[in-house]
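Just so it is clear, none of the values below were taken in a lab; they were calculated from the coordinates. Everything numeric here is computed off the predicted structure, so don't read it as measured data. Please note: Cβ atoms are built from the backbone with ideal geometry, for glycine as well, and neighbour counts cover all protein chains shown.
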Amino acid sequence: MVNQFCRKRGIKFISADCYGVFSRVFNDFGDKFEVLDKNGEALQDVMIKGISNEEVGIVELLQNQKHKFEDGDEVLFQGVEGMKLKEGEKHDDPLVKSDSINDTIHKVTVLTPYSFKIGNTLKFGEYGMNGIAKQLKTKVNLQFKSFEEVAMKATDEIALDGNLAIADFEKIQNSLISHICFLALDKFRTEEKRLPNIWGLDDANKFIGLAKTISAECKVSEDDLKDDSLLMKFLYLFSF
């Protein structure tokens with residue numbers, strides 16, 4: 001399989017299929033893919049109301065300030081008055097030249113839209129006033145799965161997988177059935193060395209048989225496929 005060839009050689013893999021009104025996109029960028037900008041949103045600066053002195057320091061924001069931080073985000077403090085390093089203490093990062101909490105970077109754990117935790121602050125003195133927490137771009141490592149792993153997941157795993165997009169919440173099972181349809185199409189092409197004939201009854205019967213076999217292998221319940229209508233729509237609206 002092309003995907004396996006790419007994974008072994010560290011090659012980024014993208015596969016896209018579009019047949020009629022049905023489409024599928026699959027990405028595999030390997031076991032460790034570094035993302036420099038996880039969401040593309042503008043960085044946020046928020047004004048500080050207070051920072052506690054404790055093993056897990058808590059930062060509170062002014063009442064009209066509401067952060068959009070997520071767990072794992074990093075912030076840089078600037079303009080804080082007070083919170084000087086206590087005698088004999090030093091910064092964890094030797095490159096920081098400040099004698100206070102200013103210019104230090106801290107990892108965020110969200111508490112509320114108006115507060116977050118930053119770790120141990122006992123080495124600093126009491127907070128005075130003012131200060132800004134500047135959000136930094138943080139690198140994120142993503143782990144992708146191979147096509148083979150994704151294709152044959154159990155239905156309960158697929159249902160909880162955010163990568164399987166749901167277009168219509170009134171027909172939430174359609175995404176799962178569409179996934180099965182594409183797997184059946186892949187198997188049909190492998191066995192027949194061609195695509196199904198449009199409005200071909202024999203090909204339609206074979207396609208449905210393959211879809212139901214794959215469903216059983218993926219542990220999809222029979223109730224999810226008791227209505228063949230979407231399978232038939234996939235095939236009869238199929239075009240290439």
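For the range 60-108, the relative contact order comes to 53 percent (Cα pairs under 8 Å, sequence separation of at least 6).
Per-residue Cβ neighbour counts within 10 Å put Cys6, Cys18 in the sequence Cys18, Cys6, beginning with the fewest.
Sequentially through the range 109-115, phi angles give Karplus couplings (6.51, -1.76, 1.60; θ = phi - 60°) of 10, 6, 9, 9, x, 10, 7 Hz, Gly and Pro residues having no value and appearing as x. Computed over the chain, relative contact order equals 23 percent, with contacts defined as Cα pairs under 8 Å that lie 6+ residues apart. Checking every one of the trypsin sites (Lys or Arg not before Pro) in the range 99-146 against DSSP loop status and a limit of 13 other Cβ atoms within 10 Å picks out Lys137, Lys139.
Exposure proxy for Ile101, Ile198, Ile48, Ile14: other Cβ atoms within 10 Å of each Cβ, ordered fewest to most, give Ile14, Ile198, Ile48, Ile101.
Using 1/(1 + (r/R0)^6) with R0 = 41 angstrom and r between the beta carbons of Gln143 and Trp199, what's the FRET efficiency to the nearest 0.05?
Efficiency computed from Cβ-Cβ geometry: 0.45.
Which entry in [x] 1.51; [y] 1.26; [z] 0.95 matches Cα Rg over 2.2 N^0.38 Å derived from the coordinates of this structure? Among [x] 1.51; [y] 1.26; [z] 0.95, the one derived from this structure is [x].
Once both labels are positioned 7 Å from their Cα atoms along Cα-to-Cβ, the gap between Ile105 and Arg189 label points is 4.4 nm.
Kindly flag which residue pairs out of Lys8/Lys107; Lys8/Lys187; Lys12/Lys68; Lys66/Lys86; Lys117/Lys137; Lys97/Lys137 have an alpha-carbon separation exceeding 25 Å in this structure. The pairs that break the limit, which is 25 Å between Cα atoms, are Lys8/Lys107; Lys12/Lys68; Lys66/Lys86.
Annotation: extensible slack from Ala42 through Gln4 equals 10.0 nm (criterion: 0.36 nm per residue apart, minus Cα-Cα distance). Cβ-to-Cβ counts within 10 Å put Thr213, Thr109, Thr190, Thr104 in ascending order as Thr190, Thr213, Thr109, Thr104, the fewest first. For the chain, the 222 nm mean residue ellipticity estimated from helices alone, with every DSSP H stretch of n ≥ 4 adding -39500 (n - 2.57) and the total spread over all residues, rounds to -7500 deg cm²/dmol.
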